[in-house]
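**Q** Have a look at this one before I ask anything.
Derivation of every value follows stated rules applied to the coordinates shown; laboratory data play no part. All of these numbers come straight from a predicted model, not from anything done at the bench. Virtual Cβ from ideal backbone geometry, glycine too; neighbours counted across all protein chains shown.
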Amino acid sequence: MGYVQHVAQVVRVRVPAKVNLALCVGAADDTGYHELGTVFQALSLWDELTVEPAPPGVFKVAFRGEGAAFLPTDDTNLAIRAAKMLAEHCHVADAGCIMLVRKRIPVAGGMAGGSADAAAVLVACNHLWGSPAPASDLRDLAAQLGADVPFLLTGGTAIGTGRGDIIDPVESRGTYHWTLALSHTGLSTPAVFREFDRVAEPTAPRIPQELLDALAAGDVPAVGRNLVNHLADAAIRLQPTLGSTLQIGLDAGALGGVVSGSGPTCAFLSDSAESAALVAEALGVFSGVRAVRSALGPVTGAALWEDHAAR
Ligand SMILES: C[C@@](CO)(OP(=O)(O)O)[C@H](O)COP(=O)(O)OP(=O)(O)OC[C@H]1O[C@@H](n2ccc(N)nc2=O)[C@H](O)[C@@H]1O
Ligand SMILES: Nc1ncnc2c1ncn2[C@@H]1O[C@H](COP(=O)(O)OP(=O)(O)O)[C@@H](O)[C@H]1O
């Protein structure tokens, strides 16, 4: 690929959080990664990224909002890794950028906040630098950055296989009202997989057909009944209060409740805003819950946010 001259402008991208409607975990391979069968849904809890050009070789990121104080801003940050990876892949002449992320997705919450930011950076920097990378290259780079990153490019409701990075569309109807119970402390994804390995017997990571049928029919109660997460027991062993959180949400009338990904965020499904509000009220007064958020799914993946573009 030849050298690409970048186009100077300010770019804004909005990227959603994800929840796993099913997270079925198989055996680990030689690298320690587990074979997954997962169904992702993108939720209307958005991180917002602004990217501006910077002098050649300067890559910086800053965070505001939810969990910002806990995030590294050095070269280990996924946002910086994503920008550098794209610049190198596309041989962007004089690449550099300054990124600001307004965070709403909880950090280390099992909702793919870091992965979302990485996906947003790929979309934003590709636009900033004159779209040198086709969508297929963005997908390849995303998978190198993390197992969850490719889905955040796509959004909607989709199946993930392999490491969770091979994304295929799934037939899905309906609007899903989610209530998210945020925890006081995060959980490390590798630690939860390690705890899973310590106890669980690996099986084939088969996504329940009942869940796929319910999604195809837009049968929200049946989706609620068929939410499944093989990492949930491990997450609850590491944060026992999550067991109470799940029970409180279900007692308040949620159609289903599940630990999101590796946790600790718990996600509850309702079929209306009114029912979701009752679930949120019950969770909001439980001391084990730090904060409650409401979100709708499915929504689109990382995308330019034209309406709010810097002027
Ligand atoms: C568990 C899930 C479910 O969607 O989400 P989160 O709870 O993190 O949001 C994902 O599989 C996480 O995806 P992501 O956070 O992008 O993973 P990566 O950065 O690639 O890997 C972090 C660590 O998770 C473990 N890992 C991840 C994916 C996978 N298929 N098998 C694994 O064992 C490995 O220990 C790896 O070192
Ligand atoms: N841009 C980023 N946003 C969030 N976390 C990040 C980011 N870059 C690196 N991380 C690191 O990734 C870890 C996982 O965070 P996150 O992606 O928010 O959670 P999860 O993997 O549970 O969905 C955090 O401990 C954090 O230090």
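**Q** Hey, what do the phi angles of the range 101-117 turn into as Karplus ³J(HN,Hα) couplings, whole Hz, using 6.51/-1.76/1.60 and θ = phi - 60°, x for Gly and Pro?
**A** Whole-Hz 3J(HN,Hα) from phi for the range 101-117: 10, 8, 8, 10, 6, x, 6, 6, x, x, 10, 6, x, x, 5, 4, 5.
**Q** Next up: On the first, second and third principal axes, largest extent first, how far apart are the outermost C-alpha atoms of the range 171-297 in Å?
**A** Largest to smallest, the principal-axis extents are 39, 36, 20 Å.
**Q** Skipping prolines and chain starts, which residues have an amide H placed within reach, meaning under 5 Å, of the one on Gly301, given they are 5 or more residues away or on another chain?
**A** The list, which skips near neighbours in sequence, is Gly155, Gly156.
**Q** Return the sequence-ordered ³J(HN,Hα) values of the range 86-98 in whole Hz as given by the Karplus equation 6.51 cos²θ - 1.76 cosθ + 1.60 applied to θ = phi - 60°, using x for Gly and Pro.
**A** Those phi angles translate into 5, 4, 5, 4, 9, 6, 6, 5, 6, 5, x, 7, 10 Hz.
**Q** Ranking request for peptides 95-105, 61-71: highest mean number of other beta-carbon atoms within 10 Å first, then the rest in descending order.
**A** Values: 95-105: 21.8, 61-71: 15.5.
Those peptides, ordered most packed to least, come out 95-105, 61-71.
**Q** In addition: Length gain on complete extension for the stretch Val10 to Thr185, per 0.36 nm per residue less the alpha carbon to alpha carbon distance?
**A** 59.6 nm
**Q** Convex hull over the alpha-carbon atoms of the chain: what's its volume per residue in Å³? Walk me through the numbers before you get to the answer.
**A** On the way: hull volume 39.2 nm³, N = 311.
With only Cα atoms used, the chain gives 126 Å³ per residue.
**Q** May I pose another question? Filter the chymotrypsin sites (Phe, Trp or Tyr not before Pro) in the range 207-311 to those in DSSP coil with at most 14 other Cβ atoms within 10 Å of their Cβ, and list the result.
**A** Values: sites: Phe268, Phe286, Trp305; in loops: Phe286, Trp305.
The qualifying sites: there are none.
**Q** May I ask for the angle, rounded to the nearest 10°, between helix 135-145 and the longest principal axis of the chain, with both axes built from Cα atoms and the value confined to 0 to 90°?
**A** 70
**Q** At q = 0.12, 0.15 Å⁻¹, work out log10 I(q)/I(0) for the range 11-168 with the Debye formula, treating every Cα as an identical point scatterer and leaving solvent out; two decimals please.
**A** -0.48, -0.75
**Q** Sort Asp117, Asp29, Asp74 so the one with the fewest other Cβ atoms within 10 Å of its own Cβ comes first. Working shown, then result.
**A** Details: Asp117 28, Asp29 11, Asp74 8.
Fewest-to-most ranking of Asp117, Asp29, Asp74: Asp74, Asp29, Asp117.
**Q** Sort Val121, Val149, Val58 by Cβ crowding within 10 Å, fewest neighbours at the top. Don't skip to the answer; put the middle values down first.
**A** Numbers: Val121 33, Val149 28, Val58 11.
Least crowded to most crowded, the residues run Val58, Val149, Val121.
**Q** Give me the number: length gained by fully extending Arg225 to Gln209, i.e. 0.36 nm times residue separation minus the C-alpha to C-alpha distance, one decimal in nm.
**A** Values: separation 16, 0.36 × 16 = 5.76 nm, distance 1.25 nm.
Result: 4.5 nm gained on full extension.
**Q** Test of understanding: what is the full-extension gain from Ser244 to Val58, defined as 0.36 nm times their sequence separation minus their Cα-Cα distance? Don't skip to the end; give the middle numbers.
**A** Working: separation 186, 0.36 × 186 = 66.96 nm, distance 4.66 nm.
Fully extending the segment from Ser244 to Val58 adds 62.3 nm.
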